[in-house]
Structure formats: structure tokens, C-alpha cells
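What follows is a short report on a single structure.
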Amino acid sequence: MLFPAFNVNDSVTKSKFDNLYGCRESLADGIKRATDIMIAGKVVVVCGYGDVGKGCAHSMRGYGARVLITEIDPICALQAAMEGYEVVTMDAVASIGDIFVTATGCWHVIQGRHMELMKDEAIVCNIGHFDSEIEMSYLESSPDCRKENIKPQVDKWTLKSGRSIVVLAEGRLVNLGCATGHPSFVMSNSFTNQCLAQIALATETHEKKVYTLPKELDEEVARLHLGRLGANLTRLTQKQADYLGVPVSGPFKPDHYRY
């Protein structure tokens with residue numbers, strides 16, 4: 001490293017807020033703007049139950065969809081099951097889903113063979129970090145697949161099966177391609193931790209390596225946003241702090257520690 005740097009992407013106020021709550025709103029925004037479809041009653045398959053997948057699943061269930069989850073991680077799969085979602089494989093549900101959402105960061109989660117099994121006019125989109133989650137190369141290189149552009153970022157692909165699917169944003173991020181991304185409030189979390197990290201780099205001495213955002217700064221990001229939501233933080237008394245064995249002095253104390 002030629003200079004010190006902060007990894008703000010893995011901070012709590014980014015990964016557990018931007019990914020979860022941002023996607024919970026912007027996925028539906030992208031799908032609705034692109035298709036005007038009614039989500040209630042539909043079968044929505046969410047591929048991946050990480051922070052992004054959790055937000056997507058919560059959103060779709062909130063609209064009244066029957067949400068199915070595919071997952072490779074046993075812990076995430078268990079979380080999904082204990083939230084009441086059915087954990088399935090893509091091979092098992094490709095033919096019954098109405099809307100498919102990839103949220104894994106993995107490669108070719110939805111493959112050409114899955115698309116050929118899908119219902120007529122099933123909707124396929126991606127909200128994962130990379131644009132390789134849907135095997136777009138199958139559609140683009142197969143002579144049996146024909147593309148009809150419905151409107152910008154909305155393409156109807158007629159498949160070898162004779163059925164068609166609707167692909168949003170050409171397999172790239174649907175919330176950016178078909179909508180305007182996350183709401184500004186949740187993005188403020190991410191930008192605030194960047195600002196605090198830059199201030200720390202400018203005002204403190206650091207070795208030339210990559211740091212994660214300190215817990216104190218991560219919590220300060222959250223604290224700065226509480227007032228806007230009308231949230232009041234409980235503060236420890238001196239006796240409570242003594243009981244827990246935590247300090248009550250410092251730049252982010254005494255409300256650094258809380259119930």
C-alpha cells in the first residue's frame with residue numbers, strides 16, 4: 001500500500017443498511033416502473049438470502065407475493081426457513097416462478113436451461129453486485145432466441161421453448177437500470193461513513209494498510225441519523241456503565257453503549 005485506506009463497504013452502516021433497507025425499497029421500485037405488474041399473489045424467487053436477498057424477500061412478501069429462496073449457505077438458508085420462506089433449488093422452481101430476482105454476487109445463477117423452463121412472460125432481473133448472475137450470453141448467442149425491445153431497459157426474449165420471458169436492465173442492476181437506485185436517506189449512511197473515514201485519515205496518523213471503519217465511527221454514523229427519524233437513544237447512567245464495566249468518557253460516550 002502506498003497510503004492508508006478505509007474499507008467502508010463492510011461497515012455495519014453500509015452492509016446492514018444500504019444492502020438490506022435500500023434494496024427492500026428499490027427492487028420493487030425498479031420492477032414496478034418497468035412492468036407495472038401486480039406483485040400480490042405472484043410467486044417470486046429470490047436467489048440468495050444475504051443482506052440484499054433479505055431486503056428483497058421482505059419487500060416482495062410485503063406486497064403479498066409467495067416468496068421462495070434459493071441459497072448455497074446453510075446458515076442463510078436456515079435464516080430464510082426460520083423467517084417462514086420456502087428454501088428451494090432453481091431447478092425445482094424455474095417452471096413455477098412469476099418473478100426471478102438474483103441477489104448473490106455469483107456467476108450464472110439463472111442459466112439458459114432455467115429460462116427455457118420458465119412460464120410465459122416470467123420476469124427476470126438482477127439486483128446482485130455483478131451483472132453476470134443471469135446467463136445473458138445464452139439469450140444473446142442462441143439463434144433460437146429472439147429479442148423484442150418493449151421500452152428502454154425492458155426486453156422480451158422469445159425462447160426455444162416458444163415461451164417468452166421479460167428481462168429487465170439487460171441483466172444488470174434493476175434498481176439502477178429501471179429506477180433511480182436506493183432512497184437518499186439510506187445512501188446518507190454510506191456517504192457519512194465515507195466522510196468520517198476521510199476525516200480520520202486526514203487528522204490521524206495511520207500505517208499504510210487497509211482499515212475497517214472503527215466501531216465508534218460506525219455507531220456515530222447511526223447516531224447522526226437518529227434525530228431525522230425521531231428516535232431517542234437511551235443513555236446509561238454512571239452506575240449502569242459501572243455495572244457493565246464500560247467507560248463513560250470519550251468522544252462518543254456515554255451513549256456509545258446502550259441497551
How many residues are open to solvent by less than 40 Å² (accessible area, probe 1.4 Å) and free of Cβ contacts under 8 Å to residues at least 60 places away in the same chain if we restrict to the stretch 196-205?
1
How many residues are within 30 Å of L2 (Cα to Cα) and in a helix (DSSP H, G or I) when one looks only at the stretch 202-242?
9
Of the residues in the stretch 206-251, those that are on the phi > 0 side of the Ramachandran plot and either in contact (Cβ under 8 Å) with a residue 60 or more places away in the chain or within 28 Å of the chain's Cα centre (by Cα) (or both) come to G230
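Residues checked against (1) surrounded by 14 or more Cβ atoms within 10 Å (Cβ to Cβ); (2) over 29 Å from I134 (Cβ atoms):
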{"position": "K151", "(1), (2)": "no, no"}
{"position": "L159", "(1), (2)": "yes, no"}
{"position": "L168", "(1), (2)": "yes, no"}
{"position": "G171", "(1), (2)": "yes, no"}
{"position": "N175", "(1), (2)": "yes, no"}
{"position": "H182", "(1), (2)": "yes, no"}
{"position": "S188", "(1), (2)": "yes, yes"}
{"position": "Q194", "(1), (2)": "yes, yes"}
Filter the helices (runs of 4 or more DSSP H) completely within the stretch 104-177 down to those with at least 1 residues that are over 26 Å from S26 (Cβ atoms).
112-115, 136-141
Of all residues in the stretch 63-76, which are out of contact with any helix residue (DSSP H, G or I) (no Cβ under 8 Å at 6 or more places or on another chain) and assigned to a helix (DSSP H, G or I)?
P74, I75
Can you pull out the residues in the stretch 77-96 that are in a helix (DSSP H, G or I) and open to solvent by 70 Å² or more (accessible area, probe 1.4 Å)?
L78, Q79, M82, D91
Go through the stretch 1-17 and report how many residues are charged (D, E, K, R) and surrounded by fewer than 24 Cβ atoms within 10 Å (Cβ to Cβ).
2
Looking at the stretch 1-24, which of the residues that are assigned to a helix (DSSP H, G or I) and without any contact (Cβ under 8 Å) to a residue 40 or more places away in the chain is farthest from L196 (Cα to Cα)?
R24
Hits in the stretch 25-58 - residues which are touching a helix residue (DSSP H, G or I) at 6+ places or on another chain (Cβ under 8 Å), open to solvent by 10 Å² or more (accessible area, probe 1.4 Å), of a type outside the set (A, V, I, L, M, F, W, C) and part of a helix (DSSP H, G or I):
E25, D29, D51, K54, H58
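The values are calculated or read from the model by the stated rules, or taken from the named source; none is laboratory data. Please read these numbers as outputs of a predicted model, since none were measured by experiment. Every residue, glycine as well, gets a Cβ built from its backbone with ideal geometry; the counts of neighbours run over all protein chains shown. Protein only, heavy atoms only, side chains kept; ligands, DNA and RNA dropped before computing areas. Shrake-Rupley method; radii C 1.70, N 1.55, O 1.52, S 1.80 Å.
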